[in-house]
Each structure stands twice: as C-alpha cells, then as structure tokens.
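The values are calculated or read from the model by the stated rules, or taken from the named source; none is laboratory data. Quantities reported herein were computed from a predicted structural model and do not represent experimental measurements. Cβ atoms come from the backbone with ideal geometry, glycine included; neighbour counts cover every protein chain shown. Please note that ligands, DNA and RNA were not included when accessible areas were found on the heavy atoms of the full protein model with its side chains. Shrake-Rupley method; radii C 1.70, N 1.55, O 1.52, S 1.80 Å.
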Amino acid sequence: MNRFNVRKVAVLGAGVMGAQIAAHLVNVRVPVVLFDLAARDGSMNAIVTKAIEGLKKLKPAPLGIPEDAALLQAANYDEHLALLAECDLVIEAIAERMDWKLDLYRKIAPHVAPHAIVASNTSGLSITKLADAVPDAIKPRFCGIHFFNPPRYMALVELIATPSTDAAVLDQLEAFVTSTLGKSVVRAMDTPNFIANRVGIAGMLATMKEAETYGLTYDVVDDLTGKKLGRASSGTFRTADVVGLDTMAHVIKTLQDNLQDDPFFPSYATPAVLSALIAKGALGQKSGAGFFKKVGRDILRLDPAKGDYVAGGGKADEIVARMLKKPAAERLKLLHDSTNPQAQFLWAILRDGFHYAAVHLADIAETARDIDFAMRWGFGMSQGPFELWQAAGWKQVAQWVKEDIDAGKALSKAPLPAWVFDGRDGVHAPEGSWSASAGKYLPQRDLPVYQRQYFREDVQGAGAAAPLASGTELFRNDELRAWTLDGEVVIASITAKLHLISPLVVEGLQAALEIAERDHQALVIWSPDDVFSAGANLEALMPVFMKSGAKGIAPEIKKFQDFMLRLRYAQVPVVSAVRGIALGGGCELAAYSARRVAAMESYMGLVEVGVGLVPGAGGLTYIARRAAEMAAAGNANADIQKFLIDGFTNAAMAKVGTSAIESRKLGYLLEGDIIVPHKDELLFVAIQQARAMAESLWRAPQRKPFAVAGRNSIATIKGQLVNMRDGGFVSAHDFHIASLIADVVCGGDVDAGSLVTEEYLMALERKHFCALLEHPKTQERIMGMLSTGKPVRN
Ligand code: NAD
C-alpha cells in the first residue's frame, strides 16, 4: 500500500467543532486550511477569521499555544475552492443539516484531489445517505470521522464506513488519526448517533429518569455518578451543562427521529426539565446557566419544583460512597441488595446500562470491546458497561438484570439476548471480544500502526500484558523498576506515588544508568501512567531536616545534583519520555537527559517557588547554561542577560507549560526533542530515539565552563523586582526567592562574562535552597502544600 501522505488537510466549517479540529491539526503540525461561508460584508474571510480569533480565548485551550492560531490558513467557498487540490484529507464539519451538507459536497466535488479522503464529522446523520450524494469517484474515499468535543482532549474518534468505502482507505485514515492526531479509534456502524453518543446519551437519559424516580437532586447525582463511580468527574448533569443542553437535545432528537422500532424508544423522550431549560435559553455552561448556575464562588443547582436555583453541593451518603470503594462483585451486590435510595438508584442506572448495551450490541458495534472503548474514550469512564458486568460476575449480574426486566423495573421489556445466558462468564477474553453479530470472539484490528503501541490499551478481561510485569526485569526497589524489552535499552519506570523523586528513586535511577552503561546501549525513563514526575519528594527529606536542619539536607541535595550531572555526562544516551506533569525535580530530570520525547499533553515547569524554594537539582544551572549557549551560538559578544530573562521569569513565576508545545516555548523542551501525539506511542518513540542515538555513536557533551551574566545583571533584574514588590504584584517572600533565583542564573557576585562550571552554580543553588528551608515563610508554604496539596501565598 502506498504511504498515505497527508500534506495538508481542509476542514470545512469553522464552528465549534471545525475550528477546534483545525486547531488540533496545527498542534500536531499538519498544515490546515479552514473554510467557512463567505461573509456578506467586509472581508470575505470574516467568518473564519473570527472563529480563528475565538480559538485563542476558548477554554480548555484548543491550541498548544495561542499564537499558533496564525498557522491556520483561512478560506471561504466563494474564493478558495481551488485550494482543495492540495489537500489529501477533507473533514466536513458544517451545521447538522443533510441538505446543506449535500449542497456543499456538490460544490467541492470538482475541486477535491483525485486521491483525497473526504470525511464527515456529523454526529447524527447517516453516512451512507451522505455518501449517496457524492460523485461515484469520491464514494470509495468517503466515510464518517466523528470527533468528540473538545477534540484536542477527547481521545475518541469514531470512523464509520459506508458499503462503498474502500477498506484500505479506512485503514489509512485510522493510522493517520492514531499516530498523527494522537486519537483512539473505534470503528462504528452507520447507526443513529454511532456508538458513544448512542450508549452515552441513552445512559444520561436513564440517569435523569432514575434520579427522578428515586427523588435525588442534581448535585447528589453528580457526586454519585462522577469519580466515585469511575466516571468523568463532571458526573451527569454537569456533563450535560458542559456539552450544551441544545447539543444534547439534538442528539436526543436523532434517537427520537430514527429509532421508532427500538425497544427503548419510550426512554428517548426529552425530559421535561431539559425542554424547559432550553426554552428559557439556559443552555448550560455557554449561557451561564443550565442544571447548575455559578453565582460568584457558589454553584447553585436547579430545583425543578421551584423552577429556580438553590444552594448546591449535596454529596453522596457516606455509606454509599463506601460501597463504591469495594471490588466490583461486592460493590454490585451491595448496591443491588441495599434499601438506601442512592444505592438503589446506582444499581438501577448500572442495570439500565447493561441492559441497553446487551440488547443493542449486535446492531451498533462489531464487538463488546468497541462499546467499552467508546465509553472510556468518549465519556471518560474508567471502564465500559461490559467490563464492569464481567468483573462483577457475569452470570449473577445477568440474573439480576433479567429479574428486574421481568418485574417491569427496567426501562424496556426487551429480554436480554440469548447469548448472555449461553453459559459464558463474560464478553472479553484473551482471544478477543464477543461479536454478537458475528457470533464469535474477534481480536483487535491488527494494523501496522498498532505496532507503535508496545502496550496497546485493551479492555479488562482481555488479559493484556501489564507493562510493569513485562519484559526482563533487571532490578527493582520500592519506588522504581528497571527492565528491558529488547535487551538493548534499559527502561527505568518510577513507581512511587506521583513519581515523586526521593533518595530511593535517585538510587534506583543511578543503578539503572550503571546497568545500561555496563551491559546495554541506552536508558529510557518512562512509566506507563499519566505522570512523569511531580517533583522532589519533600516529605522523604523531612526526617533528615527534623534531625539536623538545613545542614543535614545539603548533602542530600548534592546527591540529587550529582546525579543530574551523572545523567548528563553518562556513557549512554538517556531519553526521558515525558507525559503529564514534569514539575520541579521532574522537569530537571528531563532537562538533564540527553533527549526528551514528550506526549502532546505534557505540562513542564520549575515550580519550586510555590513551596518557597529555588529549583535545587540543577534547574537554575540549566537555565544559566542554556542562556550562555544561546548567546554563544548567535554572536560571541552577545549579551547573555537577553537570553536569560525568559528562563529567569519562567522559574521565578513558576510557569508551567500547558502543552508540550508551550513547555518547549518555556525552554524545558528543546528544538531537537520530539512531541508525540499519541500517549501510547511514547515508549516506542523513546526507544527508537535511544537506539538511533546509540547507533549513531552518541557521546555526552564535553564538560566546559560557560560565561555568566554576572553581578550587573543581578542588579538590573533586582531593580525590576523591586518595582513589582513595591507595586504589590509580588509578596516580600516572592521577591526574596526571585532575587536568589537571579543570583544563581547570573552566576553570583562575578563580572559579566566570567566562566563558571555547573558544579559552581549548583553549589549556589544548594546554598540558597538550604537557606530558604530555614525561612519560616518557606516552611509555611511547604507545610501547606504537604497538608492540602495547594500552594500557600504568603
Ligand atoms: P456550529 O453550528 O458550531 O458550526 C457550523 C458551521 O457551519 C458554522 O461555522 C457555519 O458558518 C457553517 N454553516 C452553516 N450553514 C452552512 C452551509 N449551508 N454551508 C456551509 N457551511 C455552513 O456546529 P458544530 O457544533 O461545530 O457542528 C458541526 C458538525 O459537527 C455537525 O455535523 C455536528 O453534528 C458535528 N459534531 C458536533 C459536536 C458538538 O459537540 N458540537 C460534536 C461532534 C460532532
């Protein structure tokens, strides 16, 4: 098969979805042209340019950095259709009207490149009906590509084929969506609302109905159906508010219009409260009110009886919260048997979910896995309905669901399908997941792109290999595992909570490095979960501090610093595979590695100021060295201070990148580092990098002194800090810490251009770090952080 080379993508429609999909394409560095209707007055691109401006302000941010909005090419259908010829993929995301979409397809058809894939982001229209309107030549390359809002953050993309879609085309698109866009693909059948919205919205409607039956308020329902139930923290009603009540009503209408024969049809009725809210213009978050309303700092909830908002914040009963912490089988039995209305409510919505998924499996999804994945990736659940059912004991749960259906308690009288009772213990097994339509178990799609995911996500019950129990273990301690997959690259996985770096972690990293240098080619620092490292483990240093004060801490800090240099000047390349937060010591660990590969969602920063400290494991030394290198690269006499200011400011203000792209802008990732869109490809890319570096005979940089900005720059920076302090922008303690940061990054009390070593600067870092530890305001910050997890401002 020829490589599917996407030189450029056209996105048609610059509304909520189109603009954000285009933004995400910019994030992953795919050139994109964004179309909308020509404006009647002013610039013909006005509609698109307004949408592009809007992207800079939208929350959560669709762009890695707002200034990247400039990379979006704006276009309109009256002037720029010829641009389509350069596009290898066209994503249509215009308003949800069949006639409008068909009109547009007719308009673009003559301009689309002969090989280009054309895909619609429709949520509710039939892809097959849309395909009927495209010219025959495009039909094999036409399909559905259903993103979830917000597309940068939601993992799921449903791909939908029509009977005439070329199978190879869909495989190519799946590879692109996975590797380049970093999304997780579920193939859906062309049925109303596809999989995730079909099952998800039916579940939300069931939840609303059962909430009414059991007389529960919206705040309590959200507490019960959020994190405690292993679902998105916004629960049910707040999720509806975030999605938009009009959007939700639209999805519901698709169910009503298309599914008259569905045995659950009566449960698709629009809840009266939803209609009433929409009629009032209360559309949820975007209009400031929905099921909830934020007034000042308070979140009020709607009281439907009063038709007004009242105090919210209601929580689950403690006894029910405790039930939810039990293992699946015990949990479901407790909920099923309980007389507590909240527990009964939870059993009811879980039962409705099992019932719905089982009855519809054959029609809407190829396998049970697709439904479970769709609910994980599209609705933020930690497990889908079939996974939970299987984990809780298939036969027992099936029996309870059947009893409720027979007793008329369920949402539909439709019996569970016969396959549920064929003696099975579940739908997920090592050989694959149950396909009700094919009557057999089917494995995951085996496309070459998935070879890039060493530990491909799978459903519970499928027996997928756990990374930390895989490969060949080289050694482990209580907070780190060193292992290898290929015998060439050592992988160090920090297993401590939040991957906090304690002396034991440093010891483990050092041992892993020694093993790599002795017997292997390279070291990769990677862990299977969603955090690189939250920083140094201050709690682990507490006992030493209590016993011997800052003096006792200094040698411990020196060990951290020595290790950072050990890493930088290692005999093998070290690659840090960053994902999620890399803060403080975590950021320093990455910075002292030879290279970084970072998932798109990586948040890096030197945040020590938040706990009243200066970065102490080489972070400031890194900033000073980078400034010297940048100054030297441009011009031998360049002013180092100019290159220092950004790094200084980022550390002094504890700035954290809100994406890998911004982390790079802050200087914590470098040009040669690699941003990986799909988190599950991170290990693959890291190992490839490490091997390539080893094969190209990578050598550590040479140790050499570098020039610093010196005392005059300290004075200049301090002058500005004084203004900030006197203007009330920063506290006296912030001023003090920032001055110490300036002292280190400028090299202390020396002339401009003096040459210093990393060890010298690290000694300065250490001195200030230890002095601050003795400072009462710093101690207040540390104690506050350790006890509440939140920064203290003092
Ligand atoms: P939107 O209303 O925000 O944007 C629609 C865009 O279509 C507007 O920019 C508008 O100028 C343009 N448009 C309107 N009439 C047009 C016409 N006749 N010809 C060409 N362009 C026209 O809509 P949206 O929420 O972004 O939805 C777009 C598509 O994405 C729909 O098919 C929708 O079902 C689907 N979708 C929406 C969501 C969501 O949460 N909003 C999620 C997934 C998929």
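Suppose we filter region 247-291 for residues that are on the phi > 0 side of the Ramachandran plot and either exposed (fewer than 14 other Cβ atoms within 10 Å of the Cβ) or assigned to a helix (DSSP H, G or I) (or both); how many remain?
Residues meeting the conditions: 2.
In region 481-491 there is at least one residue that is touching a Phe, Trp or Tyr at 6+ places or on another chain (Cβ under 9 Å), assigned to a loop (DSSP other than H, G, I, E, B) and more than 26 Å from residue 603 (Cα to Cα). Of all the listed residues (169, 185, 157), the sole one being away from the ligand (no atom under 14 Å from the Cβ) and assigned to a strand (DSSP E or B) is 185.
Yes/no per residue for (1) over 29 Å from residue 230 (Cα atoms); (2) touching a Leu at 6+ places or on another chain (Cβ under 9 Å); (3) open to solvent by 40 Å² or more (accessible area, probe 1.4 Å):
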residue	(1), (2), (3)
442	no, no, no
447	yes, no, no
457	no, no, yes
463	no, no, yes
466	no, no, yes
473	yes, no, yes
480	no, yes, no
483	yes, yes, no
490	yes, yes, no
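Quick grid of which residues meet (1) in contact with a helix residue (DSSP H, G or I) (Cβ under 9 Å, 6 or more places away or on another chain); (2) of a type in the set (S, T, N, Q); (3) free of Cβ contacts under 8 Å to residues at least 24 places away in the same chain; (4) farther than 17 Å from residue 118 by Cα:
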{"site": "138", "(1), (2), (3), (4)": "yes, no, no, no"}
{"site": "148", "(1), (2), (3), (4)": "yes, no, no, yes"}
{"site": "167", "(1), (2), (3), (4)": "no, no, yes, no"}
{"site": "170", "(1), (2), (3), (4)": "no, no, no, no"}
{"site": "194", "(1), (2), (3), (4)": "yes, no, no, yes"}
{"site": "203", "(1), (2), (3), (4)": "yes, no, no, yes"}
{"site": "214", "(1), (2), (3), (4)": "yes, no, no, yes"}
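Taking the conditions (1) assigned to a loop (DSSP other than H, G, I, E, B); (2) at pLDDT 95 or above; (3) more than 22 Å from the chain's Cα centre (by Cα); (4) not polar (S, T, N, Q) in turn, residue 109 satisfies each one other than (1). What do you reckon, is residue 37 surrounded by fewer than 24 Cβ atoms within 10 Å (Cβ to Cβ) and near the ligand (Cβ under 10 Å from one of its atoms)? Yes.
In region 541-574, of all residues being surrounded by fewer than 20 Cβ atoms within 10 Å (Cβ to Cβ) and of a type in the set (Gly, Ala, Ser), the one that is farthest from residue 673 (Cα to Cα) corresponds to 548. How many of the residues making up region 412-440 are open to solvent by 40 Å² or more (accessible area, probe 1.4 Å), more than 28 Å from residue 345 (Cβ to Cβ) and in contact (Cβ under 8 Å) with a residue 60 or more places away in the chain? Residues in region 412-440 being open to solvent by 40 Å² or more (accessible area, probe 1.4 Å), more than 28 Å from residue 345 (Cβ to Cβ) and in contact (Cβ under 8 Å) with a residue 60 or more places away in the chain: 2 in total.
Of all residues in region 72-104, those that are within 13 Å of the ligand (Cβ to nearest atom), open to solvent by 30 Å² or more (accessible area, probe 1.4 Å) and either touching a strand residue (DSSP E or B) at 6+ places or on another chain (Cβ under 8 Å) or within 20 Å of residue 55 (Cβ to Cβ) (or both) total 2.
Filtered by the rule that a residue be in contact with a strand residue (DSSP E or B) (Cβ under 9 Å, 6 or more places away or on another chain), within 16 Å of the ligand (Cβ to nearest atom) and either free of Cβ contacts under 8 Å to residues at least 12 places away in the same chain or within 23 Å of residue 661 (Cβ to Cβ) (or both), region 1-22 gives 9, 10, 11, 14, 17, 18, 19, 20, 21, 22. Return yes when residue 113 is within 16 Å of the ligand (Cβ to nearest atom), touching a residue at least 24 places away in the same chain (Cβ under 8 Å) and open to solvent by less than 70 Å² (accessible area, probe 1.4 Å) and no when it is not. Considered against the rule, which asks whether it is within 16 Å of the ligand (Cβ to nearest atom), touching a residue at least 24 places away in the same chain (Cβ under 8 Å) and open to solvent by less than 70 Å² (accessible area, probe 1.4 Å), residue 113 comes out as no. Restricting attention to region 46-71, the residues that are more than 14 Å from the ligand (Cβ to nearest atom), in a helix (DSSP H, G or I) and without any contact (Cβ under 8 Å) to a residue 24 or more places away in the chain total 5. Flag set for residue 25, criterion: in contact (Cβ under 8 Å) with a residue 60 or more places away in the chain, assigned to a helix (DSSP H, G or I), open to solvent by less than 10 Å² (accessible area, probe 1.4 Å) and away from the ligand (no atom under 13 Å from the Cβ).
Could you tell me which numbered condition residue 409 fails, if it satisfies all but one of (1) without any contact (Cβ under 8 Å) to a residue 40 or more places away in the chain; (2) not in a helix (DSSP H, G or I)? Every condition holds for residue 409 apart from (1).
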